[in-house]
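Visitor: Have a look at the structure that comes next, please.
The values are calculated or read from the model by the stated rules, or taken from the named source; none is laboratory data. None of these values were measured; they are calculated from a predicted model. Glycine gets a Cβ as well: all are built from the backbone with ideal geometry, and neighbour counts include every protein chain shown. To get the accessible areas, we keep the full protein, side chains included, count just its heavy atoms, and leave off ligands, DNA and RNA. Shrake-Rupley method; radii C 1.70, N 1.55, O 1.52, S 1.80 Å.
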Amino acid sequence: MEKYAGEKALVGFTIKTADKGRADIERILIELLKRGFVRIKLKDGVFDISGAVPAGIEGMTEIPVVVDRLMLKPADKARLVESIEAAYREGEGCAWFEVPGRETIKLTRDARCVHCAAGIEKPAPLLFSFNHPVGACAQCKGFGNILNYDEKKIVPEESLTLREGAIEPWTKPSYTWWYEGLERHAEKYSIDLDRIYSELTKKEKKLLFKGAGDFEGIDGFFEYLETKKYKLHIRVFLSRYKGHFTCPACKGTRLKKKSLCVKVGGLNIAEVSAMTITECKGFFDALHLTPVRREIAKEPLKQIRLKLDFLTSTGLGYITLDRLTRTLSGGEAQRIALANQLASALSGVLYILDEPSIGLHPRDIGSLIEEIKKLSSRGNTVVAVEHDPAIIMSADYIVELGPGSGEMGGRLVYCGPAKNFLEAGSTLTSQYLTGKKRINVPMWRRKGKERLTLKGAKGNNLKDVLFNIPLRTFVCVTGVSGSGKSSLVTDTLYRAVAPRFGLKTSCPLPYDSIEGVEFINAVRLVDQEPIGKTPRSNPITYIGCFDDIRHFFAQLKPAVSSSITAGNFSFNVPGGRCETCKGEGVTRLEMYFLPDVYITCGGCNGRRYKPRILEITHHGKNIHDVLGMTFDEASGFFHGIAHLAKKISVLREVGLGYLRLGQSATTLSGGEAQRLKIARELTEHRVPCLYILDEPTTGLHPDDIRKLLSVLGRLVDNGSTVIVVEHNLDCIKTADYVVDLGPEGGDGGGRVIAAGPPEKIAKTRESHTGRYLKEVLSAST
């Protein structure tokens, strides 16, 4: 009101008159007169309707009715409010306010659009949640995507002709008659069966899918099968050809349209969620609110800014707020949970952190330490399981277990203040921290003759990257978190190479071309996924040694005389296993509303086998005893059997000698599973092969890293190429070739900052990795 003080103003409401004739409009005006409204607003000004009806009014779609004309003065504020309230009542919640010749403002009393009067639900927290029906998109149920039939899965090989089986589901014996129908109609609809699918025009492909006349097409085929979905095998078959597509209703935002109508700072919640944490921090820091709204939002804004500050300072500024949690690494997820705790400002809490430095670049370790100290300064206790030297040395109190792994560990070797830890110098960890033990820089670095070149990688945040590395070398890809390392190596390079060796994988991120694949014979992605999903899977089976052990026992005289075969020594098939527990050694008790309970099998007392099988022994040990041995123990037990001892020795070389031969795969950590995969590769001798590992040093002690690097070196010496994505400086300094991405994460990264031996990276000023690598290299000389 102050803005237009002293000026004349109009207040009113609008009546819709679309599709109404002059007679209907006259009746409306008469009704207005009866209710005391005598003026309407036309283009030429305000018109009094107590006289004749103005000409041309029947062509109007809406008529603005004037409730009041007044001079805007402080003394008339109450009158203005009353007039607007009257306009709201007559206009069903909608009104308008106009200063002639200056501005017209449309008003609504409730949550509705001022232009079309469409109702909007009153804002509430659930309206902005895609996990609740109130806010979730009705079509995709809040997932942001829908399942639909995917042309790329229906036609996986576009280089084939229709006659050669380009339409994959029609190559199945049960559905070949659909292809025969295509053959019958091919001439009628001018379909060339001997033309490569990729060369077909859009019109021809549309005909294949949509059909025409008596030819039902691919869509008709799937519509027919949809009527048979009550059969399990049909549902499984159909699922093979479905893919996730962005929901057409919400465009992937996962929310209803009404949820997106509410905006803060000009953006709706989906637009804010699509920002990176760094961008979001800038948005809220620059957010301008009126004093009243600022006071209302004071506490929520405080919590938001506190969490965003922590996530930014610990190197997670590149992550978008709407990123799926299943795509986060363990370290990223843990730091996000830690941010939530920092914002809660609790005290007297015991926090237990399991390797919070996972996936963190050395540059960001200092910020993480500061945030952890903030937690402890509030009266909390923080216990961190860690291998990172900087975090260990920043602790107030250190507890070290050891001295070795497995059977050689489990004892307290140091417990006391951090200041006395290095002085003691008797533990394995303290020896690495003081430099008594170290991972040495190699005397020479492999050069490699042939090269593998990936050109024009531009997926996610990659900016037309040229990735050119020497083969038959140990290559490290480095950079701060979010700089594009995994996008380049795993999501682009591996996915581009894998199909050439018959491996099924997702489509690679966009790239222009790749050269040098002819110099490798295989590719393997050695990740930290479990080696098996059931308790029956174990290390000895995974590396292919259990068959040899079973045959060894089957050749013993007592076994031969009793006609016991190698198959009887398997706990996976009937014959020699205990049938009470099916060879698992435990039986399951189902507990309703509680997790199932496993108890030792009463039939075999947890020994998995029938008594007659357990009677077969070698040096006093039966098959159950052997499965209970560690690989260190088994090495001595089978030392006389060359091929067995050789495979077992590989497990010891990768630092897994403490594992038991029959240990359940579900109890192995990600790092243990990864080293098992490396051990199997060493026993199978694939040459030359391209090995890709994503942060293999995760969860490893410096002494285990030394063993791992020795094993990776053996792979390279055998003629293979090893590419690792890494932050660990000890691993990086031993590489033959380093590719450093950055300089920052997210949009600030995606470029090759430097490429070459570690010494070259250390001299590159723009490289964050180089700055820390320089210190490590100088300390190692």
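Visitor: Out of H244, H233, H288, I need the residue that is open to solvent by 70 Å² or more (accessible area, probe 1.4 Å), over 30 Å from Y351 (Cβ atoms) and assigned to a helix (DSSP H, G or I). Which one? Show your work before the answer.
Guide: Working: H244 fails: assigned to a helix (DSSP H, G or I); H288 fails: assigned to a helix (DSSP H, G or I).
Every option except H233 fails the conditions.
Visitor: Here's another thing I want to ask about it. Looking at (1) open to solvent by less than 20 Å² (accessible area, probe 1.4 Å); (2) modelled with pLDDT of 85 or more; (3) of a type outside the set (F, W, Y), which is the only condition V654 fails?
Guide: (2)
Yes/no matrix, rows are residues, columns are (1) within 30 Å of E204 (Cβ to Cβ); (2) surrounded by 15 or more Cβ atoms within 10 Å (Cβ to Cβ); (3) at pLDDT below 90; (4) of a type outside the set (D, E):
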residue: A95; (1), (2), (3), (4): no, yes, yes, yes
residue: F128; (1), (2), (3), (4): no, yes, no, yes
residue: G142; (1), (2), (3), (4): no, yes, no, yes
residue: K153; (1), (2), (3), (4): yes, no, yes, yes
residue: R184; (1), (2), (3), (4): yes, no, yes, yes
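Visitor: Are any residues in the range 472-523 of a type in the set (S, T, N, Q) and either open to solvent by 60 Å² or more (accessible area, probe 1.4 Å) or over 21 Å from S720 (Cα atoms) (or both), and if so, which ones?
Guide: We begin by selecting, within the range 472-523, every residue of a type in the set (S, T, N, Q); these are 473, 478, 481, 483, 486-487, 490, 492, 505-506, 513, 521.
Within the range 472-523, S481, S483, S487, T505, S506, S513, N521 meet the criteria.
Visitor: Which residue, of R675, R680, is basic (K, R), outside any loop (DSSP other than H, G, I, E, B) and open to solvent by 60 Å² or more (accessible area, probe 1.4 Å)? Talk me through it step by step, then tell me what you get.
Guide: On the way: R675 fails: open to solvent by 60 Å² or more (accessible area, probe 1.4 Å).
Residue meeting the stated conditions: R680.
Rundown of residues vs (1) modelled with pLDDT of 80 or more; (2) crowded, with 18+ Cβ neighbours inside 10 Å, yes/no style:
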{"position": "L29", "(1), (2)": "no, yes"}
{"position": "D44", "(1), (2)": "no, no"}
{"position": "D48", "(1), (2)": "no, no"}
{"position": "G59", "(1), (2)": "no, no"}
{"position": "A78", "(1), (2)": "yes, no"}
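Visitor: Which of the residues that make up the range 304-327 are touching a Gly at 6+ places or on another chain (Cβ under 9 Å) and open to solvent by 30 Å² or more (accessible area, probe 1.4 Å)?
Guide: Y318, T320, D322
Visitor: Being out of contact with any Gly (no Cβ under 6 Å at 6 or more places or on another chain) and not charged (D, E, K, R) is the requirement here; does L709 meet it? Talk me through it step by step, then tell me what you get.
Guide: On the way: out of contact with any Gly (no Cβ under 6 Å at 6 or more places or on another chain): yes; not charged (D, E, K, R): yes.
So L709 passes the test.
Visitor: Still on this structure: Restricting to the range 336-391, and then to whatever is β-branched (V, I, T), at pLDDT below 90 and touching an Asp or Glu at 6+ places or on another chain (Cβ under 8 Å), can you tell me which residue is nearest to F310 (Cα to Cα)?
Guide: Once the filter is applied, the top-ranked residue is I365.
Residues checked against (1) free of Cβ contacts under 8 Å to residues at least 24 places away in the same chain; (2) among the charged types (D, E, K, R); (3) assigned to a helix (DSSP H, G or I):
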site	(1), (2), (3)
T541	yes, no, yes
F552	no, no, yes
G567	yes, no, yes
V573	yes, no, no
M591	yes, no, no
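Visitor: Please specify each residue of the range 457-475 satisfying the condition of being part of a strand (DSSP E or B) and in contact with a Pro (Cβ under 8 Å, 6 or more places away or on another chain).
Guide: Across the range 457-475, the qualifying residue is only A457.
Visitor: Being open to solvent by 50 Å² or more (accessible area, probe 1.4 Å) and more than 35 Å from the chain's Cα centre (by Cα) is the requirement here; does E226 meet it? Before you say what the answer is, go through the steps one by one.
Guide: On the way: open to solvent by 50 Å² or more (accessible area, probe 1.4 Å): yes; more than 35 Å from the chain's Cα centre (by Cα): no.
Taking the combined requirement at face value, the residue does not satisfy it.
Visitor: Can you find a residue in the range 410-425 that is among the hydroxyl-bearing types (S, T, Y) and either touching a residue at least 24 places away in the same chain (Cβ under 8 Å) or surrounded by fewer than 16 Cβ atoms within 10 Å (Cβ to Cβ) (or both)? It would help to see each step written out before you state the result.
Guide: Step one: of the range 410-425, the residues among the hydroxyl-bearing types (S, T, Y) are 414.
Right, trim to either touching a residue at least 24 places away in the same chain (Cβ under 8 Å) or surrounded by fewer than 16 Cβ atoms within 10 Å (Cβ to Cβ) (or both) and you get none.
There is no residue in the range 410-425 that is among the hydroxyl-bearing types (S, T, Y) and either touching a residue at least 24 places away in the same chain (Cβ under 8 Å) or surrounded by fewer than 16 Cβ atoms within 10 Å (Cβ to Cβ) (or both).
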